[in-house]
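Notes follow once the structure below has been shown.
The values are calculated or read from the model by the stated rules, or taken from the named source; none is laboratory data. Keep in mind the model is a prediction, meaning the values are calculated, not measured. Here Cβ is always computed from backbone atoms with ideal geometry, including for glycine, and neighbour counts include all displayed protein chains. Each accessible area value is taken on the protein alone, full model and side chains, heavy atoms only, with ligands, DNA and RNA left out. Shrake-Rupley method; radii C 1.70, N 1.55, O 1.52, S 1.80 Å.
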Amino acid sequence: MDGSTSIPAETFFRMLGRLVPTRDGHSMPWDAIPWRPRLHLGLFVHRVRGLPPGLYALARDPERLAPFRAGFQRDFAWRRPAGCPPGLPLFLLEEGDCQAIAAQVSCGQEIAGDGAFSVAMIADVAEALGARGPAFYRNLFWEAGAIGQVLYLEAEEARLRATGIGCYFDELVHDLFGLSPAWRSLYHFTVGGPVEDARLTTLPAYGPGAGR
């Protein structure tokens with residue numbers, strides 16, 4: 001990520017709106033997942049024009065907003081951002097430059113701080129497994145994958161790029177957001193302006209004679 005690209009708040013709101021299955025009839029790909037959203041987002045907002053940088057939270061199921069808020073044990077503001085569309089359960093928790101801490105909790109990876117924003121996908125794992133059984137743990141990661149795929153597509157549509165971040169220090173994330181022990185961070189993701197990595201070599205997908 002280039003560390004400089006910003007996005008308008010309208011684009012940011014649209015991206016997040018696509019992650020809330022019950023909002024505005026946005027059913028795809030969520031109609032392929034036969035349970036209500038279990039994963040919510042803790043957001044590190046760096047460069048969204050019209051919004052102050054800082055920590056935000058998105059409840060992907062508005063009906064679970066109360067237990068979602070109860071999972072945060074720090075004294076946050078929980079303030080609706082200016083211009084946030086009705087029905088999008090997005091909240092500003094705390095203003096401030098969070099680029100360094102975003103990178104720190106993602107194993108020191110600069111992409112988490114150099115994007116326009118990054119996210120931590122968090123879930124009340126204890127409640128989910130208690131209701132659905134231990135095998136549902138893998139389903140939470142399927143849901144995380146679907147969130148990532150939607151963000152990939154939304155980033156491309158906005159002429160940005162995105163990438164998953166599989167390495168992160170979960171305990172630092174939990175401490176930062178003040179999450180209760182039942183809540184766990186399951187995956188991270190970032191969206192922003194891309195930088196071509198000259199260390200990588202790109203080859204054609206299929207060489208001569210492929211498929212013969």
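A few comments on the model shown:
- Residues that are farther than 16 Å from Gly42 by Cα, buried (at least 17 other Cβ atoms within 10 Å of the Cβ) and either of a type in the set (A, V, I, L, M, F, W, C) or touching a Ser or Thr at 6+ places or on another chain (Cβ under 7 Å) (or both), drawn from region 142-179: Ala146, Val150, Ala155, Ala158, Leu160, Ala162, Thr163
- Set Leu51, Leu19: member being on the phi < 0 side of the Ramachandran plot and either within 15 Å of the chain's Cα centre (by Cα) or open to solvent by 70 Å² or more (accessible area, probe 1.4 Å) (or both): Leu19
- Flag for Thr190 being at pLDDT 95 or above and either open to solvent by 70 Å² or more (accessible area, probe 1.4 Å) or within 23 Å of Phe72 (Cβ to Cβ) (or both): yes
- Selection within region 126-155 - under 29 Å from Arg14 (Cα atoms) and among the aliphatic types (A, V, I, L, M): Ala128, Leu140, Ala144, Ala146, Ile147, Val150, Leu151, Leu153, Ala155
- Glu94 vs. criteria over 15 Å from the mean Cα position of the chain (by Cα) and part of a strand (DSSP E or B): yes
- Counting only residues that are touching a Gly at 6+ places or on another chain (Cβ under 8 Å) and assigned to a helix (DSSP H, G or I), region 35-78 holds 1 of them.
- Check on Glu94, in contact with a strand residue (DSSP E or B) (Cβ under 7 Å, 6 or more places away or on another chain), open to solvent by 10 Å² or more (accessible area, probe 1.4 Å), more than 23 Å from Pro21 (Cα to Cα) and among the charged types (D, E, K, R): yes
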